[in-house]
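Notes for the one structure printed next.
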Amino acid sequence: MATQQSIEKMQLRQNYRNVWHTDLMNTIKADTPYCCLSFFCAPCVSYMLRKRAIYNDMTRYVCCAGYMPCSGRCGESKCPEFCLATEVICCFGNSVASTRFLLQDEFNIQTTKCDNCIIGFMFCLQQVACIFSIIAMIIGSSEVSEASQLLNCLADMVYCSVCACMQTQHKVEMDKRDGKFGPQPLAVPPMQQMSRIDQGVPPTVGYPPAPSYGQPYAYPPPQAQGYPPPYSGYPPSGYPPANYPPTGYPNHSLTQPQALYSLSLSIQFSVTTTFARFPYRRSLSSDAVAMEGVVKLPSFKLLNPISPSPRRTSVPLPTRFRRSCAATAVSQDKSVSLGHLTRTDFPILHQEVNGSKLVYLDNAATSQKPYFVLDALRNYYESYNSNVHRGIHFLSAKATDEYESARNKVAKFIKASDSTEIVFTRNATEAINLVAYSWGLKNLKPEDEIILTVAEHHSAIVPWQLVAQKTGAILRFVNLNEDEVPDINKLKEIISKKTKLIVVHHVSNVLASALPVKDIVEWAHDVEAKVLIDACQSVPHMVVDVQDTDADFLVASSHKMCGPTGIGFLYGKSEVLSTMPPFLGGGEMIADVYLDHSTYAEAPSRFEAGTPAIGEAIGLGAAIDYLSNVGMDKIHDYEVELGNYLYERLSSIPDIHIYGPKPSQHVQRAALCSFNVENIHPTDIATILDQQHGVAIRSGHHCAQPLHRYLGVNASARASLYFYNTKEDVDTFIQALADTVTFFNNFK
């Protein structure tokens with residue numbers, strides 16, 4: 001009795017509808033000249049088609065396409081061209097069948113009933129002719145012998161005709177695969193695409209579609225009726241409030257969507273004091289109870305000026321997950337700072353810690369997340385959670401679309417020339433390790449030099465120490481100058497023909513100094529060296545343009561720029577990434593896998609093995625949308641002002657030493673200060689600030705032990721700001737620090 005699994009397999013096969021776009025009978029009409037060429041020069045055509053089926057990559061060739069016991073055991077890898085030529089001449093029929101198997105496997109195609117009949121008729125004629133020949137030989141009948149010869153001749157004609165039609169069919173299918181009727185797809189085999197029986201010939205949108213992640217046909221599928229379900233009682237009665245908006249508002253210099261968006265955010269800002277006191281709730285009804293009297297804004301798409309990707313298909317976001325972004329409500333009142341405008345978007349900031357209002361000043365370690373990012377994460381897991389790049393169903397296609405949209409957003413944010421130059425990683429540390437183990441192990445040799453500074457983060461030092469041990473390369477470090485900034489003149493001096501790589505930070509997480517990375521890249525390229533920039537402390541705070549900088553590699557982390565933890569990215573020039581071998585092996589990063597070897601996908605897929613951090617990538621994309629709406633120039637200008645205010649106030653504390661350069665007209669510090677107070681351990685300071693005043697700062701070596709040793713200390717305290725901080729936060733911190741210093745000085 002058949003098992004349930006066998007029955008299900010049989011039912012699946014019976015319901016299988018994926019077929020060749022052109023059946024054998026119509027191939028002559030589809031491409032008559034090629035069909036004639038296939039008839040008169042069959043082995044040559046088979047040779048060309050077989051190579052084309054494997055994308056002319058003869059490293060992937062095995063005889064009989066791996067379908068015979070001899071496959072892979074005939075030394076094909078040593079002389080694949082000769083083996084293929086031998087196969088198409090000596091085993092012509094098998095070479096045609098092998099090409100057919102390759103294409104059927106690649107596109108999940110099965111032979112149609114009509115094709116089965118034609119191919120079956122060809123085999124039947126051959127077998128009948130063989131039977132007649134045997135009978136003629138046994139009985140010695142000339143009539144039967146003549147009949148067998150006639151049948152043999154007819155069988156040969158049918159055989160040649162059917163093979164010609166089959167080869168033309170293969171050619172037509174590969175024309176579609178290779179973009180003859182539409183945009184050019186990937187240069188390496190894409191994931192298996194399922195042909196549609198109801199698809200026209202040629203497909204009107206190309207075959208396969210253009211997106212590099214293998215978007216299936218008929219995406220997006222039609223949206224189900226009645227989704228999302230309507231929410232009763234929304235919007236509340238009496239909305240909007242009477243006598244609103246005020247006369248003369250909005251500013252008509254804005255476009256209509258922008259004006260409506262700014263208007264909505266102004267309403268949100270007017271009620272955020274009440275709104276911020278309540279935790280984030282899932283239930284609409286509980287929101288209504290907890291937030292009585294608070295005006296909630298409708299989730300009109302018109303109010304969101306973020307441009308969607310060209311092919312985005314939206315899963316409607318339930319109203320309870322839509323929150324206005326106060327960040328883009330640009331106040332005309334100059335007394336209202338960017339910090340005051342945006343902090344209402346960050347729910348974590350509105351709480352008490354140890355009996356005091358939280359003042360969060362540890363942003364160089366990680367930033368807080370706005371509602372906009374939290375909603376995006378919740379929406380993914382509640383509305384279209386699925387794996388990417390692998391399925392053709394709606395959820396997978398939607399997840400893939402949003403995941404790749406996030407990659408596009410990162411590329412646009414740092415002004416990369418193409419999204420394929422962005423590789424998603426777990427964090428910036430993994431991104432640096434990727435470069436070290438992929439590019440470094442391949443390109444570094446004994447006596448080659450890698451230049452770094454003593455102010456680098458551990459993640460920019462340790463990987464290169466490991467690679468240097470394996471390759472014999474030499475690490476050279478640049479010390480600080482009298483202003484406690486890496487000595488750029490010394491760095492320029494030690495660059496030589498031996499220099500193969502320069503690894504530098506853009507902004508120091510301890511010294512708050514910024515390096516002239518564009519000049520460093522220019523000096524490095526003069527000796528044909530590469531440059532890797534650690535931009536973890538710059539990408540969240542200023543405009544970064546990788547094309548203008550001309551860096552070869554750049555790394556950053558999501559969690560420092562209002563995005564989720566667990567994801568970062570590597571930017572690499574496409575011509576450099578294309579030469580780098582894989583860093584990790586597994587699913588997603590392959591083109592084809594055989595028992596004795598594998599071929600690999602193009603970048604960035606080559607470096608993204610396994611299931612990626614999908615929700616985190618989508619959250620990063622939302623964070624970029626949020627930061628872009630605020631404006632990176634606006635963030636940078638505000639943080640320069642706030643950072644100078646922090647330095648000025650901190651300098652008033654007795655017996656304090658602040659590390660890094662002093663701010664001036666020519667020196668712009670990042671919005672952070674690392675410091676020590678004489679005779680007080682920084683961890684003691686951080687502990688009292690937290691437990692007695694609710695102020696969160698960082699103490700320790702900040703993953704920069706070599707720098708602290710150079711400075712002659714074991715650790716330091718660090719207060720680091722972001723655009724949602726205010727001068728009131730700084731004042732609270734300074735007062736708390738002064739009280740803490742007084743507290744410890746009383747024990748002297």
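The values are calculated or read from the model by the stated rules, or taken from the named source; none is laboratory data. Only a predicted model underlies this, so the values are computations on that prediction, with no experimental measurement involved. Positions of Cβ are backbone-derived with ideal geometry, glycine not excepted, and every protein chain shown enters the neighbour counts. Ligands, DNA and RNA are stripped out before the accessible areas are found, and what is left, the full protein with its side chains, is counted by its heavy atoms. Shrake-Rupley method; radii C 1.70, N 1.55, O 1.52, S 1.80 Å.
Put simply, of GLU456, GLU404 the only residue that is at pLDDT 95 or above, touching a Ser or Thr at 6+ places or on another chain (Cβ under 8 Å) and among the acidic types (Asp, Glu) is GLU404.
When the residues of segment 541-556 are filtered to those that are over 19 Å from the mean Cα position of the chain (by Cα) and surrounded by 24 or more Cβ atoms within 10 Å (Cβ to Cβ), which remaining residue is nearest to GLN668 (Cα to Cα)? Looking at residues that are over 19 Å from the mean Cα position of the chain (by Cα) and surrounded by 24 or more Cβ atoms within 10 Å (Cβ to Cβ), I get HIS541. One residue stands out in segment 630-652 among those that are part of a helix (DSSP H, G or I) and free of Cβ contacts under 8 Å to residues at least 40 places away in the same chain: the one that is surrounded by the most Cβ atoms within 10 Å (Cβ to Cβ), namely TYR647. For the residues SER396, SER309, the requirement of being polar (S, T, N, Q), assigned to a helix (DSSP H, G or I) and either under 25 Å from the mean Cα position of the chain (by Cα) or at pLDDT 95 or above (or both) singles out SER396. Among strands (runs of 3 or more DSSP E) entirely within segment 437-517, having at least 2 residues that are open to solvent by 50 Å² or more (accessible area, probe 1.4 Å) and either more than 25 Å from VAL544 (Cα to Cα) or among the β-branched types (Val, Ile, Thr) (or both) singles out 474-478.
Would segment 145-164 turn up any residue that is in a helix (DSSP H, G or I), touching a residue at least 60 places away in the same chain (Cβ under 8 Å), surrounded by 16 or more Cβ atoms within 10 Å (Cβ to Cβ) and hydroxyl-bearing (Ser, Thr, Tyr)? Within segment 145-164, one or more residues are in a helix (DSSP H, G or I), touching a residue at least 60 places away in the same chain (Cβ under 8 Å), surrounded by 16 or more Cβ atoms within 10 Å (Cβ to Cβ) and hydroxyl-bearing (Ser, Thr, Tyr).
Scanning segment 335-348 for residues that are in a helix (DSSP H, G or I), hydrophobic (A, V, I, L, M, F, W, C) and buried (at least 20 other Cβ atoms within 10 Å of the Cβ) yields a total of 2.
Being under 18 Å from ARG100 (Cα atoms) and not polar (S, T, N, Q) is a property that does not hold for CYS153.
Among the residues of segment 440-486, the one identified as without any contact (Cβ under 8 Å) to a residue 12 or more places away in the chain and β-branched (Val, Ile, Thr) is VAL462. The set of residues from segment 355-391 being small (Gly, Ala, Ser) and part of a strand (DSSP E or B) comprises just one member, SER356.
Based on what the data block shows, is SER652 closer than 30 Å to GLY339 by Cα and among the hydroxyl-bearing types (Ser, Thr, Tyr)? Yes: the conditions hold for SER652.
Of everything in segment 562-591 that is buried (at least 21 other Cβ atoms within 10 Å of the Cβ) and out of contact with any Lys or Arg (no Cβ under 9 Å at 6 or more places or on another chain), the residue that is farthest from TYR403 (Cα to Cα) is GLY572.
Here are ALA365, ALA399, ALA406: which of them is in contact (Cβ under 8 Å) with a residue 12 or more places away in the chain, under 25 Å from SER508 (Cα atoms) and either of a type in the set (D, E, K, R) or open to solvent by less than 50 Å² (accessible area, probe 1.4 Å) (or both)? From the options ALA365, ALA399, ALA406, the qualifying one is ALA365. Considering segment 546-613, the qualifying strands (runs of 3 or more DSSP E), each wholly inside and each with 1 or more residues that are among the charged types (D, E, K, R), run over 590-593. Pairing residues of segment 658-678 that are among the hydroxyl-bearing types (Ser, Thr, Tyr) with residues that are in a loop (DSSP other than H, G, I, E, B), at Cβ distances under 6 Å and at least 6 apart in sequence or on separate chains, gives TYR659/GLU484; TYR659/LEU511; SER674/VAL510; SER674/TYR659. Quickly run through segment 487-515 and pick out the residues that are in contact (Cβ under 8 Å) with a residue 24 or more places away in the chain and more than 19 Å from ALA460 (Cβ to Cβ). Residues satisfying the conditions are LYS492, SER496, LYS497, LYS498. Looking across LEU620, LEU577, LEU627, one residue alone is closer than 19 Å to LEU532 by Cβ, of a type outside the set (Ser, Thr, Tyr) and at pLDDT 95 or above. It is LEU577.
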